[in-house]
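Chemist: Please find one structure pasted underneath; my questions will follow.
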Amino acid sequence: LEEEALAGLAAAGDEASLERWRAAWLGRQDGRVTVLLRGIREVPQEERAAYGAAVNALKGRLEAALEERRAALKRAELERLAREGALDVTLPGRPQPLGRLHPITRTLRDCLEAFKAMGFRVAEGPEVEWDRYNFDAARIPEDHPARDMWDTIWVNTLIDGKRRMLLRTHTTPNQIRVMERTPQPPVRVVVPGKCYRQEATDATHEWMLTQIEGLAVDEGVRMSDLKGVLYEWARAMFGSDRRIIFHHSYFPFVEPGVEMAIDCFICRGDGRQCHTCHGTGWIEILGAGMVHPEIIDNAGYDSSRVTGFAFGIGVERVAMLRWGIEDIRHFYSNDLRFLSQF
Ligand code: FA5
């Protein structure tokens, strides 16, 4: 009997089977040793003392064996943990990945710093905008062909039967918003923010883009001030040996209007077969011009007394030129191999 019990105990490999073994042999109800003890009544009087002593001794040995087995299992478990979880000081450390600023955020901040150094203040405006600010107040009335210059993403809410809300296509509405909040000039402000266009994307066009609007209004502000500010900013961003070109352009809210471009970093300006500058040798980075007198007057200022310049910079283009990134779509494709280079 004892042999059978000890064999069963040796086979129990975990706490649950130990407990099953204990119930089967030593359980109070019908453990086999308990049953033996109870059977003492059937044993003849003169043999009872010896019988009782023998069964009690068996019970004691089995209890001791159980404790011994339990302790052995625990030791084995500790040894296993020590073996498997041991500290191996020769293992190389695990790299802790560090977050970092997105290249567009960095470029945006650097641009703003350059303008702040020239006395510009930073303001912000809404991304969901009224068509009145995005278009009408910027001299782009409904049905004017210039609206086609910005393929608009509209918000589908109808107001008086018409769509009136949109995702701003440029930061220009903030020219109006800033002047509304500023009773009289001088105004000298830059407004950064995201803009959205229904755009077929390519190497230099995304449907979401970041712009910085600039606006300065005061007595005697001239085109040469505009050029001076933009040259100074470009020097801060690209260094002084990049070539910069202005050419005439049209925007309804400025007169005259210009575009500023920088020599293409891919083909270094020779343009042959270049997919980034489409063979022109130049990459356009901003639109600018002298604020249209009508907009000055609409703001409650006197256009015979004050003049202003404005510009709208494409921040993604600036970042491309800075770091030699040949495709704008890298910025928002969330590829860590690209992003962790900055
Ligand atoms: C404008 O948005 C005018 N509001 C700029 C302006 C402001 C002119 C103030 C005069 C006075 P345009 O659509 O050209 O203009 O965009 C300005 C700049 O934003 C471009 O030079 C380019 O750098 C950038 N940009 C425009 N569209 C995209 C696009 N789809 N993806 C990336 N950058 C773009």
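Chemist: State the three equivalent ellipsoid semi-axes of the range 222-342, derived from the C-alpha gyration tensor as the square roots of 5 times its eigenvalues, in descending order and whole Å.
Modeler: 32, 16, 13
Chemist: Rounded, prolate or oblate: which fits the range 36-170 when a ≥ b ≥ c are the square roots of the eigenvalues of the alpha-carbon gyration tensor, with rounded for a/c under 1.5 and prolate only if a/b beats b/c?
Modeler: Verdict is prolate for the range 36-170.
Chemist: Count of lysine pairs in the chain with Cα atoms under 26 Å apart, counting only pairs 8 or more residues apart in sequence or on different chains?
Modeler: Going through the chain pair by pair, I get 5.
Chemist: How are the C-alpha pair distances of the range 1-59 spread across 10 Å bins, as whole percents from the shortest bin up?
Modeler: Result, from short to long distances: 22, 46, 24, 7, 1 percent.
Chemist: Sticking with this structure for a sec: How big is the chain by Rg and Dmax over its Cα atoms, in Å?
Modeler: Rg then Dmax for the chain, in Å: 41.1, 134.
Chemist: Report Rg (one decimal) and Dmax (nearest whole number) for the range 156-204, counting Cα atoms only, units Å.
Modeler: Cα radius of gyration and Dmax of the range 156-204 are 15.1, 42 Å respectively.
Chemist: Provide the net charge surrounding Val258, with neighbours chosen by a C-beta distance below 12 Å and charges set as Lys +1, Arg +1, Asp -1, Glu -1.
Modeler: -2
Chemist: Right, another one. With helices defined as uninterrupted DSSP H runs, which ones in the chain have an alpha carbon span along their own long axis of at least 27 Å and mean Kyte-Doolittle hydropathy of at least -1.0?
Modeler: Span-like helices in the chain: 48-84.
Chemist: Roughly how many percent of the accessible protein surface of the chain is carbon and sulfur, given a 1.4 Å probe and a whole-percent answer?
Modeler: Looking at the chain in its full context, I get 51 percent from C and S.
Chemist: Any idea what Rg and Dmax come out to for the range 100-235 if you just take the C-alpha atoms, in Å?
Modeler: 16.2, 49
Chemist: Enter the accessible area per residue of the chain (Å², integer; probe 1.4 Å; all protein chains in place).
Modeler: 56 Å²
The values are calculated or read from the model by the stated rules, or taken from the named source; none is laboratory data. Computed from a predicted structure; not experimentally measured. In this analysis, Cβ positions are derived from the backbone assuming ideal geometry, glycine residues included, and neighbour counts consider all displayed protein chains. Only protein heavy atoms, including side chains, enter the accessible area calculation; ligands, DNA and RNA are left aside. Shrake-Rupley method; radii C 1.70, N 1.55, O 1.52, S 1.80 Å.
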